[in-house]
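Here's the structure, in structure tokens; my notes come after.
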Amino acid sequence: MVARSKSNEIRIVRMYDAPVEAVWDAWTDLEQVKQWWGPRGFTLTTHSKDLRPGGHWNYTMHGPDGVDYPNTTKYFEVEPQRKLVYDHGGHEDRPPLFRVTALFEDVGGKTRLDMTMTLPTPEAAEEIHKFIKQANGYSTWDRLAEYLEKESTGKESFVINRSFDVPIDVMYQVWADPQHFSKWLPPTGFDMEFIEADIRTGGSTFYVMTGANGMKMYGRAKYLKIEKPGTFIYTQEFCDAEGKLSRHPMAPTWPASMLTTVTLTEEGPERTRVTVHWEPYGETTSEELETFVKGRAGMTMGWTGSFDKLEAYLEKLNP
């Protein structure tokens, strides 16, 4: 979730399929936090960490372009497995960007993370929101979900979230109705046409995506579960024009079959969070798994493009 409960605040709420202790440790243990902290593609070096009120965490984030970003976090409140309050984004040569309040709550063995970033003014909050979105900063919390899943199950996965200002029933329709679905899902520069479409539990689809250069990519999906108000679970495979299994035309070592889980979460009467979870499905070779893991940045780019198109489509659908 990305929403402002107050005009000068940015709020993020996520549910993690892991106990509070595991989520807290992932945040506070130096060996664990370096596995996921920062936008996708970034790495982390911690220089020192003193996790107590008045203490500091000094670290450097290393961007995929080779640029280093030194940071100093100052802690104000530390309640183990319950609450963290700290200033974020500052360093010796600059003041912090905002204050973070992170609340950890047990919900039936899962963890609800409720974060609020507080800024001086509404204008500052809007600018920081744009900056974080442009820098793909919200992918940090997707990386945490992937890390927790791997620690718990050993599986590699890809997770991405986006919140939209529409009711959950509208969001459900743009995933369930092929006439809507085809308008926003294809990658930027591609159009999508369903050759066959039966979007229901046990149903399947066969479609073609056509690029501006005339390139065609065929695919098929089989829906394992669809459940209102917001669950879609389906497998996806590339295929040829006859519907026979084939490989990604530009990535022959991409897994032959993928499992997609889409979860819609109501965040208010007029706001819905979409969570997409991807993982290889069925027998997967080590080479295919490596291709999947290395492809997360590209997956983020692809889904971000689709979500941007969905956002624009929803604005036209609900002006």
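Applying the selection to the stretch 50-68, what residues are outside any loop (DSSP other than H, G, I, E, B), open to solvent by 50 Å² or more (accessible area, probe 1.4 Å) and touching a His at 6+ places or on another chain (Cβ under 8 Å)?
Matches in the stretch 50-68: Asp68 only.
Conditions tested, residue by residue: (1) within 28 Å of Tyr147 (Cβ to Cβ); (2) β-branched (Val, Ile, Thr).
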residue: Tyr172; (1), (2): no, no
residue: Met209; (1), (2): no, no
residue: Phe232; (1), (2): yes, no
residue: Phe238; (1), (2): no, no
residue: Glu266; (1), (2): yes, no
residue: Thr272; (1), (2): yes, yes
residue: Tyr281; (1), (2): yes, no
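If I ask for residues that are over 22 Å from the mean Cα position of the chain (by Cα) and assigned to a loop (DSSP other than H, G, I, E, B), which ones from the stretch 161-188 would you list?
Asp177
At pLDDT 95 or above, under 20 Å from the mean Cα position of the chain (by Cα) and either under 30 Å from Lys294 (Cβ atoms) or of a type in the set (A, V, I, L, M) (or both), is that true of Trp57?
It is false that Trp57 is at pLDDT 95 or above, under 20 Å from the mean Cα position of the chain (by Cα) and either under 30 Å from Lys294 (Cβ atoms) or of a type in the set (A, V, I, L, M) (or both).
Among Glu242, Glu237, Glu196, which is part of a loop (DSSP other than H, G, I, E, B) and open to solvent by 30 Å² or more (accessible area, probe 1.4 Å)? Can you show your working first?
Details: Glu237 fails: part of a loop (DSSP other than H, G, I, E, B); Glu196 fails: part of a loop (DSSP other than H, G, I, E, B).
Every option except Glu242 fails the conditions.
Looking at Glu151, Glu146, Glu156, can you tell me which residue is surrounded by fewer than 17 Cβ atoms within 10 Å (Cβ to Cβ), at pLDDT 95 or above and closer than 16 Å to Gln35 by Cα?
Unique residue meeting the criteria: Glu151.
Conditions tested, residue by residue: (1) assigned to a loop (DSSP other than H, G, I, E, B); (2) among the small types (Gly, Ala, Ser); (3) at pLDDT 95 or above.
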site: Thr260; (1), (2), (3): no, no, yes
site: Thr263; (1), (2), (3): no, no, yes
site: Val274; (1), (2), (3): no, no, yes
site: His277; (1), (2), (3): no, no, yes
site: Gly282; (1), (2), (3): yes, yes, no
site: Leu289; (1), (2), (3): no, no, yes
site: Trp303; (1), (2), (3): no, no, no
site: Leu310; (1), (2), (3): no, no, yes
site: Glu315; (1), (2), (3): no, no, no
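Taking the residues in the stretch 248-293 that are open to solvent by 40 Å² or more (accessible area, probe 1.4 Å) and small (Gly, Ala, Ser) as candidates, determine which candidate is farthest from Leu224 (Cα to Cα).
Ser286
Since Ile10 meets every condition but one in (1) assigned to a strand (DSSP E or B); (2) open to solvent by 20 Å² or more (accessible area, probe 1.4 Å); (3) closer than 25 Å to Thr300 by Cβ, which condition does it not meet?
For Ile10, the failing item is (2).
The values are calculated or read from the model by the stated rules, or taken from the named source; none is laboratory data. Small disclaimer: the values here were computed from a predicted structure and weren't measured. Heads up, the Cβs are rebuilt from the backbone with ideal geometry, glycines too, and the neighbour counts pull from every protein chain shown. Keep in mind that these areas ignore ligands, DNA and RNA; they rest on the heavy atoms of the full protein, side chains included. Shrake-Rupley method; radii C 1.70, N 1.55, O 1.52, S 1.80 Å.
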